[in-house]
Amino acid sequence: MREGTGRIALWRPELGSVTVSTLTALYLLALTNGSFWSKGWHYLEGRPTTFASIALGIACLYIALCVAVSLKYVMKPVFILLILASAAGAWFMDRFGVVIDIEMIRNAAETNSAEAGHLVTAGFILHMLFYGVLSCLLLVWVKVRHRPFLGKVRGNLAVIVPALVIALVAGLSHARVYAAAVREHHDWFETLNPFVPLVTAVQFAAGQSVDVNVVAAPLGEDAHVSDAPVGQRKPRLMIVVAGETARAANFSLGGYGRDTNPELAKEDILYFPDTTSCGTATAVSLPCMFSVYTRSEYTHRKGLATQSLLWVLSHAGIQVEWWDNNTGDKGIARLLKVHSLIDSGNPAYCSGGECQDQVLIDALDGWIGSVNRDTVLVLHQIGSHGPAYYQRYPEAFRRFQPECRSAEFSACTREEIVNAYDNTIAYTDHILASVIDRLRKQEDRLDVSMIYMSDHGESLGELGLYLHGAPYMIAPSQQTHVPFVLWLGKGEKAAYSATCLEGKTREPQSHDNLFHTVLGMMRVETKVRAPALDLVSPCRLGASS
């Protein structure tokens, strides 16, 4: 059509605001909620009448919500946000089986650009173009017809009220079945896209605004080393290796069928095969590991508001350092000595804003000879962080073949994904053995020890899940059971009953033990140390606790 001014007006379809709202609601519900519908069909045990009833009820709720915001100048921006958020949420929920709760959002918010880049694959971009951008362009193209205000109110209510009534009737008609399914399967409605993830994101943002002003309260200011001062004995050096995404199920030390721990198997170590994590994502587990709180007591706010294990050690006069090859210390070492190995940009091990863990060992070689006082060094690995497992180890550790050489899991078989993951575990085995080797060489002048604990595990296709971050209540054991290794140098080992320590490996342990065990091994006395959670002190020869 040609306008009088000579300009050509592009044809645009014209639809009423209620029609556009209804189509948007049905689009969101039908095309970006695959996980919700598949879980619902499974959890309702294939009851078609019940399933149809809940589908009708939720569809009416979606229509009512979308019609309620169908205001001129408001509806298109809101719908564009909903479509893009829904498309992104659908990708991660449908592909990896994740649930987008507050802790998942926190973990995403605290990642770095390199780590996030592994999730922005070609498949993700194509998905967003098709389900997000294309749909938004179609919405922008359509000309929306709005009624005058009073007519709009009457017209919208004529849709909203019946829709809510139908939703209520549909909900009540099978309420007992719905309630039972939701009680038993907490993850079902948490995948309702995009409204549940968006509400969760708002809750996270509101909490963040408060968290900014939280100041950590002092902890363990009475801490002191209980035995003779350095000079009358050797200084102690403990290295705590904070692992990343290593699951106990794939450690051959715990019975896994593949030999993923050939080097540690030759060392005189203690391995604790039944150890559970505090969370299923780094943003939760890591600060919880180093906090005084048990998993049942810990919250993100408590972690921020209380000084960590490293501060208690510092109060006792022990030198503490945190070396990071991951996404930071999560506030654990605030105001203490933190050194990012990624920032070093060592070309032998680093590229694209990430480094393989050998960078930690090289730094250790140049540092360990300078230690002359009681010291605790934390090495924070990148370990087995996915989905780009293949980037976590060098060429020499491509032991299990064929391996997945992509961050896009759809390009690989499950066998290839597991092979790549097992290669990361074999490489971590090498890194830990290398730490032990460096410590052993210092035994003539230091009493040395090493603790290794992974922050959380990983799903590798079990129950259709990949990666990690599932809500703890419903998380599979692959995400919550983690490897825990203790190595003692000759001087330290002589101080303990070997039989007693061996007995501890046959008992269930958890992240709750780390705080108190490190204090016990460093001979730190403080009223915040819980003897019942200290694994080693009861085994010390001549000790009463």
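Each residue of the stretch 340-357 in order: what ³J(HN,Hα) in whole Hz does its phi give by Karplus 6.51 cos²θ - 1.76 cosθ + 1.60, θ = phi - 60°, with x for Gly and Pro?
Karplus values, whole Hz, x for Gly and Pro: 8, 6, 5, 5, 5, x, 3, x, 5, 10, 10, 6, x, x, 9, 10, 6, 5.
Taking θ as phi - 60°, what are the ³J(HN,Hα) couplings along the stretch 449-454 by the Karplus curve (6.51, -1.76, 1.60), each to the nearest whole Hz, with x for Gly and Pro?
Per residue, the Karplus-derived 3J(HN,Hα) values read 7, 9, 10, 10, 9, 7 Hz.
In whole angstrom, how far apart do the alpha carbon centroids of the stretch 348-368 and the stretch 103-134 sit?
The stretch 348-368 and the stretch 103-134 have Cα centres separated by 27 Å.
Mind giving me the FRET efficiency for K527 and E408? R0 is 51 Å, r the Cβ-Cβ distance, nearest 0.05 is fine. Write down the numbers at each step before the final one.
On the way: r = 52 Å, r/R0 = 1.02.
Once the sixth-power term is evaluated, E becomes 0.50.
Taking 25 Å as R0, compute the FRET efficiency from the Cβ-Cβ separation of L134 and F195 and round it to 0.05. Before the final figure, lay out each step's value.
Values: r = 22 Å, r/R0 = 0.87.
Computed FRET efficiency for L134 and F195: 0.70.
Taking the Cβ of A175 as the center, what net charge do the other residues with Cβ under 14 Å away carry, scoring Lys and Arg +1 and Asp and Glu -1? Don't skip to the answer; put the middle values down first.
Numbers: positive: R47, R176, R183; negative: none.
Around A175, the charge tally is +3.
Taking amide H atoms as placed 1.01 Å from N in the peptide plane, list the residues 5 or more away in sequence, or in a different chain, whose amide H sits under 5 Å from that of R295.
It is D512, by chain and number.
List the trypsin sites (Lys or Arg not before Pro) within the stretch 446-545 that fall in a DSSP loop (any state other than H, G, I, E or B) and whose Cβ has at most 14 other Cβ atoms within 10 Å. Walk me through the intermediate numbers first.
Working: sites: K490, K493, K504, R506, R523, K527, R529, R540; in loops: R506, R523, K527, R529.
The qualifying sites are R506, K527.
Work from the charge dipole of the stretch 170-246 (Cβ charges, +1 for Lys and Arg, -1 for Asp and Glu, about the Cα centre) and give the residue of F204, P235, V214 farthest towards its positive end.
P235
Mean separation of Cα pairs under 8 Å and 6+ residues apart, divided by the residue count of the chain: what relative contact order is that in percent?
Numbers: 932 pairs, mean separation 108.7, N = 545.
This gives 20 percent for the chain.
Give me the percent of DSSP beta bridges within the chain that run antiparallel, rounded to the nearest 5. Don't skip to the answer; put the middle values down first.
Numbers: 17 of 47 bridges.
Taking every DSSP beta bridge with both residues in the chain, the antiparallel ones total about 35 percent.
Sort out for me the Cα centre separation of the stretch 232-309 from the stretch 418-481, rounded to whole Å.
Using only Cα atoms, the two centres lie 8 Å from each other.
Taking a Cβ-Cβ separation under 4.7 Å as the criterion for a possible partner, which cysteines of the chain have none?
C60, C66, C136
For the chain, count all C-alpha to C-alpha pairs, find those more than 30 Å apart, and express that count as a whole percent of the total. Numbers along the way, then the final one.
Working: 83618 of 148240 pairs.
Percentage above 30 Å: 56.
Toward the positive end of the charge dipole of the chain, about the Cα centre and with charges on Cβ (Lys, Arg +1; Asp, Glu -1), which of S86, T191, Y73 goes farthest?
It is Y73, whose Cα lies furthest towards the positive end.
Sequence-distant or interchain residues sharing an amide H contact under 5 Å with K337, placed H: which?
W322
Which is farthest toward the positive dipole end of the chain among A333, T294, A170, measuring Cα position about the Cα centre, with Cβ charges +1 (Lys, Arg) and -1 (Asp, Glu)?
A170
Taking other Cβ within 10 Å of each residue's Cβ, how do T24, T200, T19 sort, fewest first? Kindly include the intermediate steps, with their values, before the conclusion.
On the way: T24 25, T200 18, T19 15.
Ordered by Cβ neighbours within 10 Å, fewest first: T19, T200, T24.
Per DSSP H run of at least 4 residues, take -39500 (n - 2.57); add these up for the chain, divide by its residues and hand me the 222 nm value, nearest 500 deg cm²/dmol. List each step's numbers first, then the result.
Numbers: 20 runs with 230 residues, N = 545.
After summing the helix terms and dividing by residue count, I get -13000 deg cm²/dmol.
For a quick check: sort D211, D187, D259 by the number of other beta carbons within 10 angstrom, fewest at the front. Can you show the working numbers first?
Numbers: D211 16, D187 21, D259 13.
Final ranking by Cβ density, sparse to dense: D259, D211, D187.
Using just the C-alpha positions of the stretch 169-288 as equal point scatterers, what log10 of I(q)/I(0) does the Debye formula give at each q in 0.20, 0.24 1/Å?
Here log10 of I(q) over I(0) equals -1.22, -1.39.
Output needed: percent of Cα pairs per 10 Å distance bin for the stretch 359-398, bins running from 0 to the one holding the longest distance.
In order of increasing distance, the bins hold 22, 40, 25, 13, 0 percent.
If you split all Cα-Cα distances of the stretch 239-307 into 10 Å bins from zero, what percentages do you get per bin, shortest first?
Values per bin, smallest distances first: 17, 41, 27, 13, 1.
If contacts are Cα pairs under 8 angstrom and at least 6 residues apart, what is the relative contact order of the stretch 14-210 in percent? Mind dumping the intermediate values first?
Working: 179 pairs, mean separation 83.3, N = 197.
Across the stretch 14-210, relative contact order equals 42 percent.
Among the DSSP beta bridges whose two residues both lie in the stretch 224-539, what percent are antiparallel, rounded to the nearest 5? Each step should come with its number before you reach the end.
Values: 15 of 41 bridges.
If we restrict to bridges inside the stretch 224-539, about 35 percent are antiparallel.
Based on the alpha-carbon gyration tensor of the stretch 224-539, what equivalent-ellipsoid semi-axes (square roots of 5 times the eigenvalues) come out, in whole Å, largest first?
Numbers: eigenvalues 179, 91, 75 Å².
Over the Cα atoms of the stretch 224-539, the semi-axes work out to 30, 21, 19 Å.
So for F130, F36, fewest C-beta neighbours within 10 Å to most, what's the order?
Numbers: F130 12, F36 22.
Final ranking by Cβ density, sparse to dense: F130, F36.
If you split all Cα-Cα distances of the stretch 26-91 into 10 Å bins from zero, what percentages do you get per bin, shortest first?
In whole percents, the pair-distance histogram is 19, 45, 27, 8, 1.
Test of the criteria: in the stretch 273-360, which GluC sites (Glu not before Pro) are in a DSSP loop and have at most 13 other Cβ atoms within 10 angstrom of their Cβ?
Working: sites: E297, E321, E354; in loops: E297.
Sites meeting the loop and neighbour criteria: E297.
Strictly over 24 Å apart at the Cα level, which of K302/K330; K337/K504; K266/K493 would you flag in this model?
Over 24 Å apart, Cα to Cα: K337/K504.
Given the stretch 258-399, report the % of alpha carbon pairs whose separation exceeds 21 Å.
55
Cα atoms only, the stretch 394-524: Rg and Dmax in Å?
Taking only Cα atoms of the stretch 394-524, I get Rg and Dmax of 18.3, 52 Å.
Please report Rg (one decimal) and Dmax (integer) in Å for the Cα set of the stretch 54-139.
Just the Cα atoms of the stretch 54-139 yield Rg and Dmax of 15.2, 42 Å.
Fully extended, how many nm does the chain gain between L172 and S351 (0.36 nm per residue separation, minus their Cα-Cα distance)? Write out the running numbers ahead of the final one.
Details: separation 179, 0.36 × 179 = 64.44 nm, distance 5.69 nm.
Between L172 and S351, full extension yields an extra 58.8 nm.
Suppose a student asked you for the relative contact order of the stretch 366-518, using Cα pairs under 8 Å spaced at least 6 residues apart; what percent would you report?
Details: 153 pairs, mean separation 26.2, N = 153.
Relative contact order, the stretch 366-518: 17 percent.
How high is the FRET efficiency between A498 and V210 when r is their beta carbon distance and R₀ equals 30 Å, given to the nearest 0.05?
Values: r = 49 Å, r/R0 = 1.63.
According to the calculation, E is roughly 0.05.
Suppose every K and R has +1 on its Cβ and every D and E has -1 on its Cβ; what is the size of the dipole of the chain about the Cα centre, in Debye to the nearest 20?
Working: 46 positive and 51 negative charges, 435 e Å.
Taking the Cα centre of the chain as origin, the dipole is about 2100 debye.
Convert each backbone phi in the stretch 291-308 into a coupling constant with the Karplus relation 6.51 cos²θ - 1.76 cosθ + 1.60 (shift: θ = phi - 60°), then list the ³J(HN,Hα) values in order as whole Hz, x for Gly and Pro.
Going residue by residue, I get 9, 6, 8, 6, 4, 5, 9, 6, 9, 4, 5, 4, x, 5, 8, 9, 4, 8 Hz, with x marking Gly and Pro.
For the stretch 14-210, which semi-axes, largest first and in whole Å, follow from the square roots of 5 times the eigenvalues of its Cα gyration tensor?
Values: eigenvalues 151, 120, 49 Å².
They are 27, 25, 16 Å, listed from largest to smallest.
We did not get these values from a lab; they are worked out from the coordinates using the rules stated. Nothing here was measured: the structure is a model prediction, and the numbers come from that model. Don't worry about glycine lacking a Cβ; one is built from the backbone with ideal geometry, like all the others, and counts go over all protein chains shown.
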